[in-house]
Amino acid sequence: MSEYNPSEIENSIQKLWREEKRFVSIPDDREKFYCLSMFPYPSGKLHMGHVRNYTIGDVISRYKKMQGFNVFQPMGWDAFGLPAENAAISNEVSPSEWTKENIEYMKGQLNSLGLGYDWSKELRTCEPSYYKWEQLLFKKFHEKGLVYKKKALVNWDPVDETVLANEQVIDGKGWRSGAQVEIKEIDQWFIKITDYADELLESLDGLDWPENVKTMQRNWIGRSEGAHIKFKVENSEDHLTIFSTRPDTIYGASFLAISPQHEIAVGLSKENIEISDFLDRCKEMKAAEADMAKAEKLGIPTGINAIHPLTGKRLPIWIGNFVLLDYGTGVVMGVPAHDQRDFEFASKYNLQITQVINKENNELPSMDKGILFNSDKYDGLSSKDAISSIIQDLKAENLGEGLVQFRLRDWGVSRQRYWGCPIPVAYKNDEPFLIDESELPVKLPDLPEGAGPIPLSQNETFINSKDGFKRETDTFDTFMGSSWYYARFPSADNDDEIFDENSKYWLPVDLYIGGIEHAILHLLYSRFFHKALRDLGMVEGNEPFKKLLTQGMVLKDGAKMSKSKGNTVDPQAYIEKYGADTVRLYMMFTSPPEQSLEWSESSVEGSSRFLKKLWNLISGRKYKIINEPNALSDPAKELRRKAHITLMKVKNDYDNRYSFNTVIAAIMELFNSIPDQCKSSNASDEDLFCLNETIIFILKALFPIAPHISEYLWNEYAKDVLQEDIDSSWPKFDEKLMEADSFQLVVQINGKVRGKIDLSVNLTQDEIESSAKSIENIRDNLEGKEIRKVIYIKEKIINFVI
RNA sequence: GGGGAUGUGGUGGAACUGGUAGACACGCUUGGCUUAGAACCAAGUGCCGCAAGGCGUGGGGGUUCGACUCCCUCCAUCCCUACCA
């Protein structure tokens, strides 16, 4: 017997997989299983979160293959993004060089972990062979009316004269220049995700996703029913339209508040210096989003009044820094008695507070619905009835209507960055034209040798296109690249078609695995893309990801591992020291996939220890063919029982729970329970038969998690005898073998454990009851007491209630 | 402010459908092996108590013969999001 040498076995097994092209998947008659893990951003090297994510995906893929599925598990790179530009500046390499080097290194790491990817379908979002299709999709979305241009706000660094991403704004200042960031309004491209708001919400119901993720998406989409209500502006023909979810509180309205960006506010600022100052202050605050939570609600009166549509009373119109222009109508009716924010605002500026709901309640503000008062002819109605009759009455006067409002907003996809996919548009006389399909891709120009990444807007040769056209210089949000890659993977090696027969065969993704932090944006964008692609006739089905598994974070000392906290652990050192199998086993053993995982050095040691023990038992042994014996010794029989019970439990945990930690615990327990007489060199054939079976079960059950050692030992031990590869099948358990002759009965008095007794399974309930009563401690406790009730749970518990 | 989660030994966690709380592992203690250490092997290890026994799943309350599990309430921690009318 040799010593367990992980790097040697792992190299030889990985070589075998490469030579066999083990993980190249092609359509066939088996049921398909498309297992996708969220592709990484090539930041340099893998972090522990990647290791965890990809191990989970690989475990499930390998298990599914053993269950007879045709499995497809691809991998690629979310390769555009800001870090490449930053690295380019500090390391003086081009973003493209930097990205490519990182990909090569990280790919090596993924392979050293033994992850079974079909590299023949690898894709990189930064390559023209990928993004030309992205540009085509944008064009098709445009033809469908899903794309438009409008002005939107960006963070502007006045010193560096550049647009900043949100994460580049620190405390309202540019991260590099330290200058106060300004808000600038520029033209940007938007995608009408809101066209699909209803469907994105409704089709969540049928998805096999974690409830918490579905809830988060529902809340993000934020459907709310309410009404538009028109308020006449005093001494004017104009109206202001507000949106409210509580028309029943309209008699409590004591002011209107408009957004600082509302046209009336902007108009007034031109003549009124105070208002103009106020708007400037609001702009400064917009930059420092993090502070906004604590920010005070501020307002300034416009001096204009509105007329209440039902009472005819005059209400002052204020400008409020808390009113958003792009939600609802940019105008709010202030009902201080029944809205927290309005209450604070009214208290601060001494505006009237009129209660109109639930007379007997005197704690304000109160958001509860209830019975109206102070509301004229609607007095006594419930909120629900009042809402419908008020809307009805307003509608009759053409002063309002009920409608549904979504919180979800359209998706701004323009980024003023170099390292991204160029937006395929050119302008003539400021008129945008989508680039013709035959001219795609619009390639991202290379940077001059040694130059930093300059935005396309400063690249004259790129801008000036033929026939006097000027190119769009913005690039796409990187979420664009990651929103449809799942559909491209099966066709990644096809340069002529975006989605070919392979995509049709493999889609939808059967299981998608990734971090919970993507629960909203990425998943929502992908779901939107799938629906839009469906409506373009390019994919089938309504949803891209049938099932979703969200993994928890990897923590160190109770906090998320991150570069900024300086508590990262480099997986590479552990792969080299202990081997991939140990790292994988540790990752899967330490906590279930959905929970956070606390990294602990010493526990890694424990995983390695188990693999060594496994090696020491099996290495050098050979499977011996023995006919199923008629009779077994008690220890061998017990081992066999345990082996079959374990196999059933393990299968259930793999299939229904993804709780690999309990899979491993059960395997360890089975391993620890192998009696010495079965392991000894002079074991009988009967004992060896049970040992054989147990080893087969353990290797098969462990293979998805620690594939190298399992396959290596399998090949030594059983492959030639059984004529079978380890990953080609899954053993069957026999429920008959799980039956036991006796069981342990727990005896309780009033629900407290007072004794235990081993009993034969063949006893009647009366016999069980009297056996229980015969236990000394039970007899003493029951002495002279009246038993009021006996509860018996079969082969588990008997409880005497006295 | 809104939303989502979590809380069990010294530690990571188990208990899947309301039925023996602490499986499995780490750590620790003791012993063996060793010149010594590492590794390995054996035994022990929730807390209090010499013991009998009592207590124990964030706190308090409730339902139940029986609660980590269900209900109410409070507290703490983490994540996401940012004034959504």
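The values are calculated or read from the model by the stated rules, or taken from the named source; none is laboratory data. Since this is a predicted model, take the numbers as computed values, not measurements. Positions of Cβ are generated from backbone atoms using ideal geometry, with glycine treated the same way; all protein chains shown enter the neighbour counts. Accessible surface is based on the protein model in full, side chains and every heavy atom, while ligands, DNA and RNA are left aside. Shrake-Rupley method; radii C 1.70, N 1.55, O 1.52, S 1.80 Å.
Scan the stretch A:316-341 for residues that are more than 6 Å from RNA strand B (Cβ to nearest atom) and farther than 21 Å from A:Gln261 by Cβ and the total you get is 5.
Counting the residues of the stretch A:384-401 that are open to solvent by less than 40 Å² (accessible area, probe 1.4 Å) and under 38 Å from the mean Cα position of the chain (by Cα) gives 1. Scanning the stretch A:413-440 for residues that are small (Gly, Ala, Ser) and open to solvent by less than 20 Å² (accessible area, probe 1.4 Å) turns up A:Ser414, A:Gly420, A:Ala426. Could you tell me whether any residue of the stretch A:410-422 is in contact with a helix residue (DSSP H, G or I) (Cβ under 8 Å, 6 or more places away or on another chain), of a type in the set (Lys, Arg) and either farther than 23 Å from A:Ile191 by Cα or in a loop (DSSP other than H, G, I, E, B) (or both)? Checked the stretch A:410-422: at least one residue is in contact with a helix residue (DSSP H, G or I) (Cβ under 8 Å, 6 or more places away or on another chain), of a type in the set (Lys, Arg) and either farther than 23 Å from A:Ile191 by Cα or in a loop (DSSP other than H, G, I, E, B) (or both).
Let's see how each residue does on (1) open to solvent by less than 40 Å² (accessible area, probe 1.4 Å); (2) at pLDDT 85 or above:
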{"residue": "A:Gly267", "(1), (2)": "yes, yes"}
{"residue": "A:Cys282", "(1), (2)": "yes, no"}
{"residue": "A:Met292", "(1), (2)": "no, no"}
{"residue": "A:Ile300", "(1), (2)": "yes, yes"}
{"residue": "A:Gly303", "(1), (2)": "no, yes"}
{"residue": "A:Ala306", "(1), (2)": "yes, yes"}
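Applying the criterion of being assigned to a loop (DSSP other than H, G, I, E, B) and surrounded by fewer than 23 Cβ atoms within 10 Å (Cβ to Cβ) to the residues of the stretch A:239-255, the residue that is farthest from RNA strand B (Cβ to nearest atom) is A:Ser254.
Residue-by-condition table, conditions (1) assigned by TED's automatic domain parsing to the domain that holds A:Ala580; (2) within 13 Å of RNA strand B (Cβ to nearest atom); (3) touching a residue at least 60 places away in the same chain (Cβ under 8 Å):
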{"position": "A:Ala706", "(1), (2), (3)": "yes, no, yes"}
{"position": "A:Lys719", "(1), (2), (3)": "yes, no, no"}
{"position": "A:Asp725", "(1), (2), (3)": "yes, no, no"}
{"position": "A:Lys789", "(1), (2), (3)": "no, yes, no"}
{"position": "A:Ile793", "(1), (2), (3)": "no, yes, no"}
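For the condition part of a loop (DSSP other than H, G, I, E, B), of a type in the set (D, E, K, R) and more than 20 Å from A:Glu8 (Cβ to Cβ), A:Glu628 qualifies.
Does A:Glu576 satisfy the condition of being among the charged types (D, E, K, R), within 11 Å of RNA strand B (Cβ to nearest atom) and either touching a helix residue (DSSP H, G or I) at 6+ places or on another chain (Cβ under 6 Å) or open to solvent by 50 Å² or more (accessible area, probe 1.4 Å) (or both)?
no
For the stretch A:186-238, enumerate the residues that are assigned to a loop (DSSP other than H, G, I, E, B), within 15 Å of RNA strand B (Cβ to nearest atom) and surrounded by fewer than 17 Cβ atoms within 10 Å (Cβ to Cβ). Across the stretch A:186-238, the qualifying residues are A:Pro210, A:Gly222.
If you go through the stretch A:580-602 and keep only what is farther than 18 Å from A:Val663 by Cα, more than 7 Å from RNA strand B (Cβ to nearest atom) and part of a loop (DSSP other than H, G, I, E, B), you end up with just A:Trp599. Only a single criterion out of (1) under 26 Å from A:Asn5 (Cβ atoms); (2) part of a strand (DSSP E or B) is not satisfied by A:Ile757, namely (1). Checking the stretch A:621-630 against the condition returns no match, with no residue being of a type outside the set (A, V, I, L, M), within 15 Å of RNA strand B (Cβ to nearest atom) and within 45 Å of the chain's Cα centre (by Cα).
Restricting attention to the stretch A:522-559 and to residues that are within 16 Å of RNA strand B (Cβ to nearest atom) and loosely packed, with under 15 Cβ neighbours inside 10 Å, the residue that is farthest from the chain's Cα centre (by Cα) turns out to be A:Asp557.
Suppose we filter the stretch A:120-129 for residues that are assigned to a helix (DSSP H, G or I) and under 24 Å from the mean Cα position of the chain (by Cα); how many remain?
The total comes to 1.
Of A:Ile353, A:Ile357, all but one fail to be open to solvent by less than 30 Å² (accessible area, probe 1.4 Å), in contact (Cβ under 8 Å) with a residue 40 or more places away in the chain and within 16 Å of RNA strand B (Cβ to nearest atom); the exception is A:Ile357.
Does the stretch A:772-796 hold any residues that are in contact with a Leu (Cβ under 8 Å, 6 or more places away or on another chain) and either open to solvent by 50 Å² or more (accessible area, probe 1.4 Å) or part of a loop (DSSP other than H, G, I, E, B) (or both), and which are they? Spell out the reasoning first.
As a first pass, look at the stretch A:772-796 and keep what is in contact with a Leu (Cβ under 8 Å, 6 or more places away or on another chain): A:772-773, A:795-796.
Correct list: A:Lys773, A:Glu795, A:Lys796.
Taken together, A:Leu394, A:Leu456, A:Leu381 contain a single residue that is aliphatic (A, V, I, L, M) and within 30 Å of A:Lys140 (Cβ to Cβ), which is A:Leu456. Somewhere in the stretch A:631-645, is a residue away from RNA strand B (no atom under 11 Å from the Cβ) and under 37 Å from the mean Cα position of the chain (by Cα)? Yes, because at least one residue in the stretch A:631-645 is away from RNA strand B (no atom under 11 Å from the Cβ) and under 37 Å from the mean Cα position of the chain (by Cα). Here is a check on your reading of the model: is A:Tyr712 closer than 30 Å to A:Gly68 by Cβ, surrounded by 12 or more Cβ atoms within 10 Å (Cβ to Cβ) and of a type in the set (Ser, Thr, Tyr)? Taking the combined requirement at face value, the residue satisfies it. Looking at the stretch A:78-95, is at least one residue closer than 21 Å to A:Tyr574 by Cβ and open to solvent by less than 40 Å² (accessible area, probe 1.4 Å)? The answer is no; no qualifying residue exists.
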